[in-house]
Amino acid sequence: MPTVFVRCMLFVSSYFPLTIIICILFATQQPVLAWGSLGIGLFGLILTYIYFFKIVAGMTAIQVKIIERQERDGDIMGYIASYIVPLVTFPLNGGQQVAILLIFILVLGVIYVNSSMIRINPMLSLVGYHLYDITIENDQDVYALFTRHRIGRGALVRIVDIGRGIYLEKSDERNRSGKK
């Protein structure tokens, strides 16, 4: 299960595209905010990379059979439209607007870290991950699965628990029967 630190890291990395936009838009008007936000976004992105590709790689995987699955890649577009686009149009002419923006991002961060939104991360989508809601054999609960492959019912996958009902497919070694 990820710690609060890991959930915060995923939040920061999910807003990396916004930090690039803020840096471009405000580099001349608010250079400290522009470069600071880009630095924070890069830091979160690097930590996410280390977590997903180094730490998770060392975790023990379990093999499960997918009974039901629903693709959730479209949730990422809703995330971008709902949060990133309005933030970019927010005027940052003075200290009050910057403070309001920072409070808004802080509130979003708390909601993101403490909810199932933690599984929605456009940066993972950019590096080829797909998001599914899955049900596994002998378990009626629904879990989130990040995988680089399209999966179908009946597929056998090796997964690692990254927390709060969120799994990451660990390797290519899986039974491709049932794959669509």
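One-quarter of the Cα convex hull surface for the stretch 1-52, in nm²? Write out the running numbers ahead of the final one.
Numbers: hull surface 13.4 nm².
That works out to 3.4 nm², a quarter of the Cα hull's surface.
Return an integer: the convex hull volume of the alpha-carbon atoms of the stretch 107-148, in Å³ per residue. Before the final figure, lay out the partial values.
Working: hull volume 2.6 nm³, N = 42.
Each residue corresponds to 61 Å³ of Cα convex hull volume.
Take the solvent-accessible surface of the protein heavy atoms, probe 1.4 Å, and return the percent of it on the stretch 89-150 that carbon and sulfur atoms account for. Mind showing how you got there, number by number?
Details: 2000 of 3240 Å².
Percent of accessible area from carbon and sulfur atoms in the stretch 89-150: 62.
Could you give the accessible area per residue of the stretch 1-46, probe 1.4 Å, as a whole number in Å²?
Values: 2390 Å² over 46 residues.
Each residue of the stretch 1-46 exposes 52 Å² on average to a 1.4 Å probe.
The values are calculated or read from the model by the stated rules, or taken from the named source; none is laboratory data. These numbers were taken from a predicted model, which means no experiment stands behind them. Remember, those area values only see protein heavy atoms, side chains included, never the ligands or the DNA or RNA. Shrake-Rupley method; radii C 1.70, N 1.55, O 1.52, S 1.80 Å.
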